[in-house]
Amino acid sequence: MNSNKASVFIANYNTNHFPQKPSIIHRQDINTGNPMSEWTPEIAYAIFQEKLEIFKRFDPISNEAKTRFDIIDSILLDVLDWPRSDIDPEKWCRAEGYADYVLTIDHKIALVIEAKKSGTDFLISKTRSPSTAIPFSLLGKESPAARDALIQAQGYAAHLGAPYIAISNGHQWIFALTFVPNQRIEDRQVFAFCSPEDIDNNFRTFCDCFSMSAISENKVANKLLDSHERPAPRKLSSEIPNYPTVSNRNDYGNEIYLVLDQLWKILENTEHSEEFLRHCYIPTQENREIINCAKELLRSRHRADTRYTGNRIEDTSRVADAIRVVSSDKPFTLLGEVGRGKSSFLDYLRLFSAKNELDHYIQIQIDFKEQPDHTEEVTRFVYDEIEDILRKNFNIDIEEDKIVRGVLHNELERFRKSTRWILASGGPDKGRQEELNFFHERIADRHKYLKEVFKHLKYGQKKSIAIFFDNLDRRPGDIQDEAYRKASSIARDWECAVFLCLRPSTFHESLKRGLLDSLAPKTYTIGSPNMSLVLKRRFNYARLIALGELKGPFLEQLRSEQSIALKLPSVADIFGCCELSTKKNADAIQALTALSNSNIRELLGLTREVLTSGYLDTRKILKTIQSTGKYYVPDFEAIKTLLYGDYAEYDPRSSAFLNLFDIFHNDPKEHFIRMLILEYLSRFDENSTDDGFVSHQHLETFARSLYFSQDTFNKHLNILTRSECILALPSSDEAGISSFKYRLRSRGKFHLYIMTQNFQYYDAIIIDTPIIDATTREQMRFQADIHERLNRTQSFISYLFESVKYISDPSSSRILIDLLSKGIDNINGIREHLKESL
């Protein structure tokens, strides 16, 4: 049986009872193995109807084995279609004895059923509808047999690690969860079916409890575990007045932060200037190789154009061989994630490394940063931008009469010799009208007309054409696809050198869908620079600006305000200190790099937050520099700044770090769902066939195997995506159904493997984590003393250790325990350091 497809039917199975008996669909015989139809609730109901009268007539005094064979076996194997190979009867459970039925899904034990003879009545009320879960307390009190059987099943399930238990005497069925945090068996919620007729009348609920697909999807988990339906306890942060409270800054610090902030903005506003690139750009080895390829393309294109324009424009046959050898008939495509420096690469190429080659080019830069918004706007946007740039930057208005006539001169001369012209030349007015029609027709085809414009410019100015599609990677994937197709047609038809940037995911997805097959593009992947070196050069550049060693209008404006000018030397010292710290602060640089997902823009934004937050003690820094000549910003100060930002307490809305242990429900195992999703994604290598991506269905199946509901899983998955710990991209399965696929990002990896062993992190997020255990919650009160904070944090991690026992999968439990243990190790290491410093 295909359980995934069966789950689709169950999801749309919206009646508790079938009023009309469905047509009976015969399936394979279990013993012969002949083909059968796929299992659905409709088929199950039809088969149940066939056997209902037999179930009703069954002898109520039958013994246990007879009950199991005639009723329970029939319902499990024939009606619910459990494979016989997935049912282990009489499984030995050591001291517990033998479990009657142990049912497995994908080799994981899912359900334990304790079977009793039909004469054992569970005394379930026949007036109650079993379509909703009920407390077991009254039933257990009225029927000691039911209570004892459920406890017996729980003992087997606890030993085997099964999340669900059930008891049945053939006629009556009771279904429950094995574990419920802090809840006795008597307080458990159960689904109870009092008779075969009751099952018949509530067949959907029965399937939701006992079918393989429903159990794999945890269909009724939330209904059974009432703690899942209850919200998590209030966070400790709810007890803090005016939370989050703004961190106090001294007046001197505020003045310095203001200047630091303004100076950092100057860096952002000048990052496309020659001065900035000269001091800050870092050409990696990979990028140097790309530069060499780009320069060769530019030289080849211009050589061909020179040979081309050495002949008459219309005589193209002589230069066919020259054009054929040029590789610029396709866009020069740069691949790299957003913020990896593709725009800076193009700036560096134009202004420095290929400046000599591009002196022979008319350069047109089309910026896709803000528009277009829709794919149907791409072509018009490109043509409009080209026309605007020619007019504004080169004083070439392609609609001006002399330019139109120059561009179309040869074509116009041929037209005047045509039959159409001769027949229409009955007078000057008719001739002018035909000429007007001629120009209108030619200019209306913008692609063809711009091709002729550039051909004219090549011949007249002896220059080639280079077009840069900049910031295209910031636009949605469909716009990137359309722009790439337009760039390809321009490179091919206009014989231009075209450069553009795409995100790798967009490019490969387009290839997979066959959108780029005919284009056969050549791509170059932009290498990521050393982030420590990126920051070092930025800090040095900012220091030179503050010292007045770099000239420019931005500096004059900064120095014109006396209050700012007086602070510039101190600001220069701080930037010098930061530059020096990049050589030693491995942990801080690692954190900034990971949190930015190697996105240079994000890296600089985070760095700005560190520089301008209240946690960087500028007075202490400057005092130390004056006395010793240098100062290194400690790693823990940078981490603290990123954790708290402008506030005295951790606030998830503004912190650079996500709280991995936050929960929505009163369920201890939910503390770990974010960690487990991240860890699962970490198993997939980015160099694999799927580039490390995992389908939504695959990831959801993993969460189900740990008995998380679909709703809970999706909530936490969305948070991990929004916090940029994982990357989500649109995708589609083989059937063409749209969905998403996911990949672990460096930000998520850093949270999982670094922050979970960091005392500062645990210490910060305690107030944002609902703590279910009341005793532990009382121990989590605010502490200022470092020793008390260490004790409090250790108690918090111990609480998490206790919560791990609710994770049913042993492998996942071991992973969690290993990660939490490193947090304890970090606390013990700090204690030892404090002892040594006494």
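Structure summary
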item: Number of the condition not met by His107 [criteria: (1) open to solvent by less than 50 Å² (accessible area, probe 1.4 Å); (2) modelled with pLDDT of 65 or more; (3) not acidic (Asp, Glu)]; result: (1)
item: Flag if Thr775 is surrounded by 17 or more Cβ atoms within 10 Å (Cβ to Cβ) and of a type in the set (Ser, Thr, Tyr); result: no
item: Residue satisfying condition, being in contact with an Asp or Glu (Cβ under 8 Å, 6 or more places away or on another chain) and modelled with pLDDT of 95 or more, within set Ile827, Ile815; result: Ile815
item: Check on Ile266, assigned to a helix (DSSP H, G or I), open to solvent by 10 Å² or more (accessible area, probe 1.4 Å), modelled with pLDDT under 90 and not charged (D, E, K, R); result: yes
item: Cβ pairs under 8 Å, 6+ apart, first in the range 513-534 and assigned to a loop (DSSP other than H, G, I, E, B), second surrounded by fewer than 12 Cβ atoms within 10 Å (Cβ to Cβ) and at pLDDT 75 or above; result: Gly527/Gln285
item: Selection from the range 612-634 of residues that are closer than 22 Å to Met755 by Cβ, open to solvent by less than 40 Å² (accessible area, probe 1.4 Å) and either part of a helix (DSSP H, G or I) or hydroxyl-bearing (Ser, Thr, Tyr) (or both); result: Ser613
item: Any hit, the range 751-769, residues being over 19 Å from Ile673 (Cα atoms), at pLDDT below 90 and more than 22 Å from the chain's Cα centre (by Cα); result: no
item: Options Leu699, Leu717, Leu676; residue that is crowded, with 21+ Cβ neighbours inside 10 Å, within 14 Å of the chain's Cα centre (by Cα), in a helix (DSSP H, G or I) and hydrophobic (A, V, I, L, M, F, W, C); result: Leu717
item: Leading residue by the ranking (surrounded by the fewest Cβ atoms within 10 Å (Cβ to Cβ)) among those in the range 158-200 that are assigned to a helix (DSSP H, G or I) and at pLDDT 85 or above; result: Glu197
item: Within the range 425-477, considering residues that are surrounded by fewer than 17 Cβ atoms within 10 Å (Cβ to Cβ) and of a type in the set (A, V, I, L, M), the one modelled with the highest pLDDT; result: Ala444
item: Any hit, the range 389-396, residues being open to solvent by 70 Å² or more (accessible area, probe 1.4 Å), hydrophobic (A, V, I, L, M, F, W, C) and more than 22 Å from Tyr524 (Cβ to Cβ); result: yes
item: Members of the range 805-833 found to be open to solvent by less than 40 Å² (accessible area, probe 1.4 Å) and farther than 15 Å from Tyr762 by Cβ, listed by number; result: Ile807, Asp809, Ser812, Ser813
item: Pair list, Cβ < 7 Å and 6+ apart or interchain, from the range 569-584 residues that are open to solvent by 50 Å² or more (accessible area, probe 1.4 Å) to residues that are modelled with pLDDT of 80 or more; result: Asp573/Leu622; Asp573/Ile625
item: Close pairs (8 angstrom Cβ cut-off, 6 or more residues apart or separate chains): assigned to a helix (DSSP H, G or I) in the range 365-381, open to solvent by 60 Å² or more (accessible area, probe 1.4 Å) anywhere; result: Thr375/Asp478; Glu377/Gln371; Phe381/Gln371
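The values are calculated or read from the model by the stated rules, or taken from the named source; none is laboratory data. Keep in mind it's a predicted model, so treat the numbers as computed, not measured. Note: ideal-geometry Cβ built from the backbone for every residue, glycine included; neighbour counts use all protein chains shown. For accessibility, only protein heavy atoms count, side chains too; no ligands or nucleic acids. Shrake-Rupley method; radii C 1.70, N 1.55, O 1.52, S 1.80 Å.
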